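Q: Starting off with a structure, shown below.
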Amino acid sequence: MGKTLVSIVMGSDSDLPVMKQAAEMLEQFGIEYEIDIVSAHRTPDKLFEFASNAHNRGVEVIIAGAGGAAHLPGMIAAISPLPVVGVPIKSSNSIDGWDSVLSILQMPGGVPVATVALNGAKNAGILAAQIISVQDGSVRDSLIKYKADLKEQVINKSKNLKEKS
């Protein structure tokens, strides 16, 4: 096993069905990751320890998913020097997910969080891979193939649709 390059964290185990999508994308690109629950509100000491030391453990990108008030990505970004990709999650206590989107999106100047769509953990995984690909040619090659495959899928779907019309 290689070095953990991406850390996927979420505020609650109820976020796991969404956040698994990021893990699946990282696996597809051959990127080592870790996954854990770190609540900004219920485990602030764990949050501070995690955010303060992830870069010392070799982590290069953090993907943080949260619902409701969604403070996890922003708090990690306030502490860690690493790029943070925030995943707003439509949770049982959210206002149709808008509270999560706005909490992660509306960060103050100096504390950026790259924000993907509501429940967009798949794109968070891809974005983390793109960040890592800046220095890893094999990941970049995998991304090039992935995008070519996406193009081929659309071409085939278009062809199939036209044949049925």
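Coordinate-derived values only; no laboratory data. Everything numeric in this text was worked out from a predicted model, so none of it was measured. Every residue, glycine as well, gets a Cβ built from its backbone with ideal geometry; the counts of neighbours run over all protein chains shown.
Q: Is there a residue being touching a Lys or Arg at 6+ places or on another chain (Cβ under 6 Å) and closer than 21 Å to residue 16 by Cα anywhere in region 45-67?
A: Checked region 45-67: no residue is touching a Lys or Arg at 6+ places or on another chain (Cβ under 6 Å) and closer than 21 Å to residue 16 by Cα.
Q: With a cut-off of at least 3 residues that are more than 21 Å from residue 28 (Cα to Cα), name the helices (runs of 4 or more DSSP H) lying wholly within region 47-165.
A: 72-79, 98-105, 137-164
Q: For region 1-16, what are the residues that are under 19 Å from residue 32 (Cβ atoms) and either hydroxyl-bearing (Ser, Thr, Tyr) or exposed (fewer than 14 other Cβ atoms within 10 Å of the Cβ) (or both)?
A: 1, 2, 3, 4, 7
Q: If residue 47 passes every condition in (1) buried (at least 21 other Cβ atoms within 10 Å of the Cβ); (2) under 20 Å from residue 145 (Cβ atoms) but one, which one does it miss?
A: (2) is the only condition that residue 47 fails.
Q: Cβ-Cβ below 6 Å, separation at least six or inter-chain, first residue in region 113-127 and more than 12 Å from residue 19 (Cβ to Cβ), second assigned to a loop (DSSP other than H, G, I, E, B): which pairs?
A: Qualifying pairs under 6 Å: 113/107; 118/90; 118/97; 123/116.
Q: Related question: Only one of 18, 9 is part of a strand (DSSP E or B) and in contact (Cβ under 8 Å) with a residue 40 or more places away in the chain; which?
A: After ruling out the rest, the residue left standing is 9.
Q: Continuing with this model, one more query. Find all pairs meeting these conditions: Cβ atoms under 6 angstrom apart; at least six residues apart or on different chains; first residue within region 26-55 and without any contact (Cβ under 8 Å) to a residue 40 or more places away in the chain; second residue among the hydroxyl-bearing types (Ser, Thr, Tyr) and surrounded by fewer than 19 Cβ atoms within 10 Å (Cβ to Cβ).
A: Taking only residues 6 or more apart or on different chains, the pairs are 32/4; 34/4.
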